[in-house]
């Protein structure tokens, strides 16, 4: 393993982080790029080459010194890669893959041949208004006009909303080979890093990417507010897409999640990708480790690609001053939210240039988002520009990040639940409340309860009276704990409610509390969630301490003033 | 920040990992050590110095090029450090600290002056049998004979068990300045990395270290089977110890945990330490980040030193062949347990030489231990030597890693609980069972329940009948969820049991299940733990699916054979 030498075309930030991974395994990487390029700064040996990573002669020289050649960017000369491969030096991923991916239209066509879902794409014969008119008729307006080559970070894309945009579109892109892509109305952008090894394809978890000015800004790992099913479908689609290319290495797969929860591949990068930076801190094996391992046939397992903790990555982009990136980094460190900072050693910042990134991990996405808001505020302040809010305001009355779902069959149960709601608010536990009747809306009840676990709900509190079936039926539809609150009906003492909730058949447990005691239901939910979230466990402890103090104060009064005085104060004059 | 230059004495593995941290912040480190030393391999610039890090002249030259000088090892010339500090170049930690720590007896004496608990130590006037005899009388036999200087990884220590060892002890250490240390009967060795900043001291969590042949072999973070109280006391003791030294930087503090749970400082290292390697993967800010930040006055917060996931570090020590370390690394990667591997670039392996390390993190220490056993087996195989078992066999009948505590007032409740125990076993949930009676052993009950949370118990299942106080009393003593199982008494229908458990006052919740239904108690515990441990949540889902299948098979039989045939098969001939 440590005797192998890797040749790398390009020594930018992706190369630098790749070299960092190689350094840990003591594997030599010979880099072809300018002297003092970011990757070369952290690798000291005599095997590097100085020059352009696009220079065929230099690439051939490099290839003579290594066991495998790889790239940090796909915009390279694939003719020479084909030549060196024919001379027996493996190029990973294959030059065929790189050549096809360089032409974004060819990439799309290839995916469609393999039945991989991607937006409908049409090549333009020429670059005239008539050509635009014609594709508009074929795929409808608006559409996205794209350069087939040399396009990244949004450069090379032009949104054509109507015929009025034709001139501007041609002015922007008219001198390049073009294709048009059907407009995708997406509700989120997802991405998956895929690892292609000699044995097959593996996938990192599905993440959510947020772009600003067509440049990746934020990555949420895993994606928020997306069902487990969609997360898995995205991984499957990404694996299917990468499987139809040649060679080994990691691939970044960007996707659109449409309104109907279907997925379309947007673009594939045949290399480590910005959407995978989070893996350095969040996963046992980073995307750079994975790239290194896959191209050298060092084994790697699917479960090594898991996420340790929810994480968010924020790019550090240059602003107007040369030191703007360092400013952002320094102030982000000083903010003390535990961000892991990466500065790429690229010299002075220029507006929009990727100068570094920061990754936060936290026990829950909620906590990560809270810390990330601090970093975004700092970034906004340095660049003098306001970011879009982290979480778009919800139009429903429910907490977006609810941990407890409180359900009841009708509004009439609300007064009984109010005490519990007060506890949830006091202990700062986000919750949602829903009307789901076991008897009158059995389907909606089942649907709601089924959705709870994948949406991140940890505990359900269900209130019901009389023939009180809601808690037990809810427990039948989920694997998370359900707490039942028996509600005293207007007729009888509530024994019916208690027994309907308590005496569940063996196999389906309901955690039952006393009649009308929603206080204890909420506190039980807090104890359960507290096992995972220490802030909430601390709140439970504090609540108990306050109760103790309250009773001890009463004991003090009793001790100081005696029975008669306290009786009068508490219960009024004795009769 | 990125304009600062750090001077580093020594370019071994600690220096290398320090440089890795500096690289991420794009901070230049000028290293004084041999060419191609491990740290220099990952740092390419013209500011390094070639030579011995013990050479005063070279150190002075280096100091002229940097803003602060630090060390990767304490065995350096403190005269020259004192000189360069007087010339205005800060040395961190202070040369005073390094000088005092170099002399292990002076170190101990200093700690005792500041009332920091450490083993009683007596300097030897000379190196004769009479001197040994004399200290033996003062501190008793056995004692540990130690070299005051140049001692590390057990070199410089000699255990003196009786007068018969005097000759051998003097032969081993007689040519060095010596002191004797009172023998410490410890049950575990703990360690804490402390960060000394310009503003005060911060501490990483308390870890457990396991040594083999006096060399650190394994580090468990956090320490296993140690109460929360002791973990915190260890952090406090370590902070107190480091606070009485001078300067800034990270310090490794090694401690003994004695049988009575008291703590003694063993040794302090004024630099990053083997017991802190785990922080690279397990914490948002590694010990190397922390060292860099503290010596450059870059802010750092206590909560950035938290552990993301339980983790275990295993040193990769050289064995008999030059490629033994690489062999261990390659086979450990191939094992696919997600170990993060660090190889130090130190060339050929020699027996016992620290060549690298591996860190595992996992959602629970139990899972980390399971994976670590795989790595230990590989290590043992390469070096042809058997490690001590990871977890010494327990002499109690209880699971060492119990997640559920099952408690009852007497053996008579066991038959009711058996069904629940079967479920816990089936779902692979480790549990412990205890007799704790609320009425007959109120103190033991309180003591047991208090200990549950810090020992890692997640849920209590308490069974009781009649005036059934155990579940409610247990809930009063802890912040974890308590599930109450009402046991049907010999007299009456069990309503007394149900109501005694269910109708808790507001403020102290008990999750009550049906009478005698320990099955549901165990399944409820599984749902709760499943929120944290996905394997257990999956087992809950599987259990539900099996129940569904079982019922659907009966429906199939009913559908195929009709009422009469099934009645007979199930209930016998109708009368």
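General observations
- Likely footprinting exposure, A:263, A:8, fewest C-beta neighbours within 10 Å first: A:263, A:8
- Between residue B:162 and residue A:499, the modelled labels are 7.6 nm apart [label points 7 Å from Cα along Cα→Cβ].
- With R₀ set to 35 Å, the beta-carbon distance separating residue A:439 from residue B:559 gives a calculated FRET efficiency near 0.85.
- More than 20 Å apart - percent of Cα-Cα pairs taken over the stretch A:148-237: 53
- Considering only the stretch A:372-512, percent of DSSP beta bridges that pair antiparallel, nearest 5: 0
- The stretch A:506-575 and the stretch B:519-550 have their alpha-carbon centroids 31 Å apart.
- Where labels lie 7 Å past Cα in the beta-carbon direction, separation of residue A:155 and residue B:551 in nm: 6.2
- Förster-model FRET efficiency, 41 Å R0, residue A:229 and residue B:214, C-beta, rounded to 0.05: 0.15
- Label geometry 7 Å along the beta-carbon vector: residue A:56 inter-copy distances in nm: 6.3
- Fully extending the segment from residue A:138 to residue A:64, taken as 0.36 nm per residue of separation minus the present Cα-Cα distance, adds 21.7 nm.
- Gyration tensor verdict on the stretch B:120-182 (Cα atoms; rounded if a/c is under 1.5, prolate if a/b is larger than b/c, oblate otherwise): rounded
- Burial ordering of B:417, A:470, fewest other beta-carbon atoms within 10 Å first: B:417, A:470
- Anisotropy class of the stretch A:417-563 from Cα gyration tensor, a/c 1.5 cut: oblate
- Ordered by the count of other Cβ atoms within 10 Å of each Cβ, fewest first, A:33, B:323 give B:323, A:33.
- Starting from the label point of residue B:137 at 7 Å along Cα→Cβ, the same points in the other copies fall at 11.4 nm, in ascending order.
- Cut-off 17 Å (backbone N to label point 7 Å along Cα→Cβ of residue A:388), residues of the stretch A:190-229: A:190-191, A:207-221, A:223-226
- Modelled spin labels at residue B:532 and residue B:87, positioned 7 Å past Cα toward Cβ, are 5.5 nm from each other.
- Per-residue ellipticity at 222 nm, computed for chain A from helices alone with -39500 (n - 2.57) per DSSP H run of at least four residues, works out to -11500 deg cm²/dmol.
- Position residue B:430, label points 7 Å along Cα→Cβ, spacing to each other copy in nm (shortest first, one decimal): 3.3
- Anisotropy class of the protein assembly as shown from Cα gyration tensor, a/c 1.5 cut: oblate
- Computed on chain B, the Cα convex hull volume stands at 219 Å³ per residue.
- In this calculation the C-beta distance from residue B:370 to residue A:301 is compared with R0 = 22 Å, giving a FRET efficiency of 0.90.
- Part-to-part distance (alpha-carbon centres) for the stretch B:367-382 and the stretch B:262-306, which is given in Å: 26
Computed from the coordinates by the stated procedures, all read-outs in this text should not be read as laboratory data. The shown structure was predicted, so the numbers you read here are calculated from the model rather than taken from an experiment. Using ideal geometry, Cβ is built from the backbone for each residue, glycine included, and neighbour counts are taken over all protein chains shown.
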